[in-house]
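The values are calculated or read from the model by the stated rules, or taken from the named source; none is laboratory data. For clarity, every value in this text was computed on a predicted model and none was experimentally measured. Please note: Cβ atoms are built from the backbone with ideal geometry, for glycine as well, and neighbour counts cover all protein chains shown. For the accessible areas, the whole protein counts, side chains as well, though only heavy atoms, and no ligand, DNA or RNA atoms are used. Shrake-Rupley method; radii C 1.70, N 1.55, O 1.52, S 1.80 Å.
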Amino acid sequence: MSCKFRLLLENAEQMVVVCSKEEEFLLKEGMQCLAVLEKASLVVGNDGFIKAVGPADVIHQQFSQASFETKINCSGKCVFPGFIDAHTHPVWAGDRVNEFAMKLAGATYMDIHQAGGGINATVEHTAAASEEELYSRFKQRLERMLRTGTTLVECKSGYGLKLETELKMLRVIERAQRELDIGISSTYCGAHSVPKGKSAIEAADDIISNHLPALKQLALNGEIHVDNIDVFCEKGVFDLESSRRILQAGKAIGLHLNFHGDELSPMKSAEMGAELGAHAVSHLEEISDEGITALAKAKCSAVLLPTTAYILRLKQPRARDMLDAGVIVSLGSDFNPNAYCFSMPMVMHLACVNMKMSLKEAIAAATINAAYSLGRSHTHGSLEVGKQGDVVVINASRWEHLIYQFGGHQELIEYVAIKGKIIYKNERVLGL
């Protein structure tokens, strides 16, 4: 085989391929059988997709005559699929560091929200910021995510609320999709909070009558491409009926339903998500037994956010009950001004310690299942032939070190590649 390929990762001590039978997702039993190869190599073609993965000696023989743009000797190292962050709010201006001290002093999320802080404070700063300023900050945040191994990230609007600012945020996300290597799933989240001076019903009417038709037209014109629609279904924000109306209207214009539910109050959001055919419902700290059963039956992913429960001192999501019931459990960072964490390795660690997930469950939830929640598991989330060549190489001989070393990703991660192209090389670790 004399043709040229983009990337060869050879002789990895362990290669966490996650799954190898084209699974869309992994349930509890499949997670326990996480696919890990010993002494393995991987080849990415010039088109950015994986051409071969398997035992190092077999790959060496098969590609002995091939040439590669980049070769990396992974002896003593481990390789993972790029991590997928299934829930973030990364486009905003301003700062809410002062609210952290308020939380530590005992203020609840809704205390801060009702006092004019929280989402509404960020909305004011975001409205005042220029599009260029928002893009610059967004790009820096995505670069930080990339350095922690994230190669595909769900990105929400939602700090606009008014159509003009929501579109400004979505244009920023669209520009990043065009200009940056990191993968992005774009989410319209205009129903993130009820704007001042409006009721939830009035806000829902505005979204259905004005926001969504504008999004549909911009999509038809090829100007903005949005994948998902989100709503904050919560007591004191959007009630169940308003949320249902917004989600149904979004589904009618082709958006996937992927929304906040059962976070601070039991709202029966999970049941509604299952009924409406949602791809995913996030948070779920207050999910009911019936909601867990409904998600499992509907194959709707539960996107759990251990950083949020940790920072807000909320009840931990019932990950074990969901896994035992056959729910597709995914993970996200919930990166936002209220839960400032970029790192999926840290999210996985918290999921294991606080939500009692196993190491294998956490890896699957941050790769193949997170990809499923975004409708991308046919191209992302595992190291299988035909999938996109997004990989993370760590300097450790056992893959568990990625989660075990809490906060250690800055030293552990040596390379991050997207479509076989090295996007990040840790000069400090490599001593270059």
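Do you know which residues across the stretch 137-186 are in contact with a strand residue (DSSP E or B) (Cβ under 6 Å, 6 or more places away or on another chain), within 22 Å of Gly48 (Cα to Cα), of a type in the set (Asp, Glu) and open to solvent by less than 20 Å² (accessible area, probe 1.4 Å)?
Listed by number, the list holds a single entry, Glu154.
Considering each residue of the stretch 338-366, count those that are more than 16 Å from the chain's Cα centre (by Cα) and outside any helix (DSSP H, G or I), and give that number.
Residues in the stretch 338-366 being more than 16 Å from the chain's Cα centre (by Cα) and outside any helix (DSSP H, G or I): 5 in total.
Taking only pairs six or more apart or across chains, which ones have beta-carbon atoms under 9 Å, a first residue in the stretch 292-320 that is on the phi > 0 side of the Ramachandran plot, and a second residue that is open to solvent by 40 Å² or more (accessible area, probe 1.4 Å) and at pLDDT below 95?
That search, which allows pairs on different chains as well, returns Arg313/Thr108.
Evaluate the stretch 280-302: report whether one residue or more is in contact with a Cys (Cβ under 7 Å, 6 or more places away or on another chain), within 19 Å of His192 (Cα to Cα), among the aliphatic types (A, V, I, L, M) and at pLDDT 95 or above.
yes
If a residue must be assigned to a helix (DSSP H, G or I), among the hydrophobic types (A, V, I, L, M, F, W, C) and closer than 24 Å to Met344 by Cβ, how many such residues does the stretch 293-325 contain?
Total meeting the criteria: 7.
Among the numbered conditions (1) closer than 24 Å to Glu29 by Cβ; (2) buried (at least 24 other Cβ atoms within 10 Å of the Cβ); (3) over 21 Å from the mean Cα position of the chain (by Cα); (4) not hydroxyl-bearing (Ser, Thr, Tyr), tell me where Ile246 comes up short.
So the condition that Ile246 fails would be (1).
Can you spot a residue in the stretch 42-64 that is out of contact with any His (no Cβ under 8 Å at 6 or more places or on another chain), touching a residue at least 24 places away in the same chain (Cβ under 8 Å), open to solvent by less than 30 Å² (accessible area, probe 1.4 Å) and among the aromatic types (Phe, Trp, Tyr)?
yes
Looking for whichever is under 15 Å from the mean Cα position of the chain (by Cα), of a type in the set (A, V, I, L, M, F, W, C) and over 23 Å from Leu240 (Cα atoms) here; the options are Met169, Met145. Which one fits? Full working, then the answer.
Numbers: Met169 fails: under 15 Å from the mean Cα position of the chain (by Cα).
Just one listed residue meets the conditions, Met145.
Search the stretch 417-429 for residues that are free of Cβ contacts under 8 Å to residues at least 60 places away in the same chain and pair each with any residue that is polar (S, T, N, Q) when their beta-carbon atoms are under 6 Å apart and the residues are at least 6 apart or on different chains.
As it stands, the answer is Val429/Asn395, since those pairs meet every condition given.
Please go through (1) surrounded by fewer than 23 Cβ atoms within 10 Å (Cβ to Cβ); (2) of a type in the set (Gly, Ala, Ser); (3) modelled with pLDDT of 95 or more for Ala339 and return the number of the only condition it doesn't satisfy.
(3)
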